[in-house]
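The structure appears right after this line, and notes come after that.
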There are 2 protein chains.
Amino acid sequence: MQRTPLESLNCSIARSLDIIGEWWTLLIIRDVFMGLHRFEQIREDLGISRKVLTDRLNTLVEHGVLKKVPIEKGFEEYRLTRKGVELHDVLVVVRQWGDKWESPQGPPIELVHDCGHVTTAFLACDCCGEEVSASNVTPQAGPGHSRVRKTSK
Amino acid sequence: MQRTPLESLNCSIARSLDIIGEWWTLLIIRDVFMGLHRFEQIREDLGISRKVLTDRLNTLVEHGVLKKVPIEKGFEEYRLTRKGVELHDVLVVVRQWGDKWESPQGPPIELVHDCGHVTTAFLACDCCGEEVSASNVTPQAGPGHSRVRKTSK
């Protein structure tokens, strides 16, 4: 993994990408969400080499995104931790962007919300409930900021 | 870019990651959102090699995420297309996940919503307005589906 340069950027996006910002990693997480919990199931689904899959799974376990759970006969399964489950939002928005811009045949997978309808989720503000988009938010330095940079929209 | 295996997966997440699922790519898009539009500005900000930055910018232009806009004296700037602007949701949720799980000093950047408050955005259903999360959606085959796979939550 390509750690050093990203760690040096004081940015939560960079820190997240250091863990999940690589093709196989997010697809592995998708597979676990879809119910594939065993090494061989994931390997077969993604057509990925054992070495690459072992590396990525170890990274995800080290970072607390997945945990190994012993099952019968000495086998183990991979399960999402709370930190891993909270990547669901990332999968949803990445999927929706691909559905809209890269899926001319229509979405391969749809999500049915508990309200009973196929949903296209949007980002809403936790204060007012209105949509959050590029045109209605302004970035500002937060408590963990160490570099001041002029920003524009 | 590692295209073949991802293209063969009929999955919008895989297709999106083929364009944006790599460290530098999403950070370049972040930089353009933050007002850095010129090659040298982005290169300096990320500490990235000219070759890698050129490759990534060309990929983003080819896929219609960025466009080159001529400015004075033969110089060019990179601007987000509509397709690029719609990656804002991806940046927001990736940032928020990193803020929560990988930023012990607190968020480096906060987003102030037009309602006047620092926002933590959540995914809401476009039908009912309620939260969308891993525990209240069920995936089903959509119109672009070509493989049927049993899923579980």
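Key figures for this structure:
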read-out	value
Failed item in (1) modelled with pLDDT of 95 or more; (2) over 19 Å from A:Ala121 (Cβ atoms), with B:Glu72 passing the rest	(1)
Options A:Val94, A:Val61, A:Val90: the member that is aliphatic (A, V, I, L, M) and either surrounded by fewer than 21 Cβ atoms within 10 Å (Cβ to Cβ) or more than 7 Å from chain B (Cβ to nearest Cβ) (or both)	A:Val61
B:Gln140 vs. criteria not charged (D, E, K, R) and not in a strand (DSSP E or B)	no
B:Val94 being under 16 Å from A:Leu87 (Cβ atoms) and under 23 Å from the mean Cα position of the chain (by Cα)	yes
Top-ranked residue in the range B:16-55 [being out of contact with any strand residue (DSSP E or B) (no Cβ under 8 Å at 6 or more places or on another chain), in a loop (DSSP other than H, G, I, E, B) and among the hydrophobic types (A, V, I, L, M, F, W, C); ranked as modelled with the lowest pLDDT]	B:Ile48
Residue within the range A:97-117 that is within 28 Å of A:Cys11 (Cβ to Cβ) and touching a residue at least 24 places away in the same chain (Cβ under 8 Å) present	no
Scan of the range B:111-146 for residues that are within 24 Å of the chain's Cα centre (by Cα), surrounded by 15 or more Cβ atoms within 10 Å (Cβ to Cβ) and of a type in the set (Gly, Ala, Ser), ordered by number	B:Ala121, B:Ala124, B:Ser133, B:Ala134, B:Gly142, B:Gly144
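Listed here are the residues, each with its yes/no results for (1) out of contact with any Asp or Glu (no Cβ under 9 Å at 6 or more places or on another chain); (2) part of a helix (DSSP H, G or I); (3) not acidic (Asp, Glu).
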| residue | (1), (2), (3) |
| --- | --- |
| B:Leu57 | yes, yes, yes |
| B:Val69 | no, no, yes |
| B:Arg79 | yes, no, yes |
| B:Val90 | yes, yes, yes |
| B:Gln105 | yes, no, yes |
| B:Leu111 | yes, no, yes |
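The values are calculated or read from the model by the stated rules, or taken from the named source; none is laboratory data. A quick note: this is a predicted structure, and the numbers were derived from the prediction, not measured. Glycine gets a Cβ as well: all are built from the backbone with ideal geometry, and neighbour counts include every protein chain shown.
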